[in-house]
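Only one structure is covered here, and it is reproduced in the block below.
The values are calculated or read from the model by the stated rules, or taken from the named source; none is laboratory data. Computed from a prediction, not measured in an experiment: that's the story for all the values here. Methodologically, a virtual Cβ is constructed for each residue, glycine included, from the backbone with ideal geometry; neighbour enumeration extends over all protein chains shown. The protein model used for the area step is the full one, side chains on, heavy atoms only, and it has no ligands, DNA or RNA in it. Shrake-Rupley method; radii C 1.70, N 1.55, O 1.52, S 1.80 Å.
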Amino acid sequence: MTTFEVTLGRHGLPGDLQLPADALGLVVFAHGSGSSRHSPRNRFVASELCKRGLATLLFDLLTEEEEFDRRNVFDIPLLASRLREAIAWQAGMRQIAALPTGLFGASTGAAAALVAAAELPDKVAAVVSRGGRSDLADASLPLVRAPTLLIVGGADEEVLELNRWAAAQMTCENVLHVVPGATHLFEERGALAAVAELAGDWFVQHMKVEVHA
């Protein structure tokens, strides 16, 4: 596996690309509010996905200047636009251009991933949400075509209810998986490993199939 430091799009967003040999696909990560590409939870999941043969891209969704305005952290259309930038950047990178693309979103990043998937139905092969505020995708939810896995901790009761509502709005293949006893950050023993395994299974299953417009 090779790791590259990369710069994305016209905003010069810094990122880390991990590329295993003969990658099956590329999973683009969207971190939650108050986090960054250095999120230890996302980096753990990314390392586990790489063991499954999936390339991963973790990048900062906002510039340093944008981060000073807290409103940007919760601006779902803005965050989704950065995911679209990342997907456009992928298309211009020879080593990964032909790989199917999956999106992994945490917290508010999950809403951004779902909005981006709705806007780019021919580009996104699968979506996974970890403790996501999927409800914030709102009107985009019925437009998502990519198979979507919603992973929520059993002790994260408010977010669990919001994800049940979001799942009911979706018309694509979707599964809500509850990790028993886990709280919002999946800090309990074995909880994050369960997330990584579930996400890996989902991406490997759904990124084998070519995406059609």
Compactness of region 85-149, expressed as Rg and Dmax over alpha-carbon positions, Å
11.6, 35
Where labels lie 7 Å past Cα in the beta-carbon direction, separation of Val178 and Phe44 in nm:
2.2 nm
Calculated from backbone phi, Karplus (6.51, -1.76, 1.60) coupling profile of region 142-156 in Hz, x at Gly/Pro:
x, 8, 6, 9, 6, x, 10, 10, 9, 10, 9, x, x, 8, 8
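Indicate the gyration tensor shape class of region 122-213 (rounded, prolate or oblate), computed on the Cα atoms with a ≥ b ≥ c the square roots of the eigenvalues: a/c under 1.5 is rounded; otherwise a/b larger than b/c is prolate and the rest oblate.
Values: a/c = 2.85, a/b = 1.34, b/c = 2.13.
Oblate is the answer for region 122-213, as a/c is 1.5 or above yet b/c matches or exceeds a/b.
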Just to be sure I follow the definition: excluding the sites themselves, where is the longest run in the chain that has none of the trypsin sites (Lys or Arg not before Pro) in a DSSP loop with at most 13 other Cβ atoms within 10 Å?
95-188
Surface share of carbon and sulfur [accessible, 1.4 angstrom probe, percent] for region 115-213
51 percent
Report, by chain and number, residues whose modeled amide H sits under 5 Å from the one on Leu176, excluding near sequence neighbours (fewer than 5 apart, same chain).
Leu150
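For n ≥ 4 DSSP H runs only, could you compute -39500 (n - 2.57) per run for the chain, divide by its residues and tell me the 222 nm figure to the nearest 500?
On the way: 7 runs with 77 residues, N = 213.
Dividing the helical sum by the residues of the chain leaves -11000 deg cm²/dmol.
Please identify the chymotrypsin sites (Phe, Trp or Tyr not before Pro) of region 46-110 that satisfy two criteria: DSSP loop assignment and at most 10 other Cβ atoms within 10 Å. Which are they?
Values: sites: Phe59, Phe68, Phe74, Trp89, Phe104; in loops: Phe68, Phe74.
Answer by residue number: Phe68.
Hey, any idea what Rg/Rh is for region 113-152, computing Rh the Kirkwood way over Cα pairs?
On the way: Rg = 9.2 Å, Rh = 10.0 Å.
Here Rg/Rh amounts to 0.92.
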Which whole DSSP H helices in the chain pass both tests: a Cα extent of 18 Å or more along the axis and a mean Kyte-Doolittle value no lower than -0.5?
76-91, 157-169, 191-206
Which shape class, rounded, prolate or oblate, goes with the chain when its Cα gyration tensor gives a ≥ b ≥ c as root eigenvalues, a/c under 1.5 marks rounded, and past that a/b bigger than b/c marks prolate?
rounded
For Asp122 and Phe74 in the same chain, what is the full-extension length gain: residue separation times 0.36 nm, less their Cα-Cα distance, in nm?
14.7 nm
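Using the Cα centre as the reference, give the magnitude of the dipole from point charges on the C-beta atoms of the chain (Lys, Arg: +1; Asp, Glu: -1; all else neutral), rounded to the nearest 20 debye.
Values: 18 positive and 26 negative charges, 95 e Å.
Roughly 460 debye for the chain.
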So for region 47-137, using the alpha carbon gyration tensor with a ≥ b ≥ c as root eigenvalues (a/c under 1.5 gives rounded; past that, a/b versus b/c decides prolate or oblate), I'd call it prolate
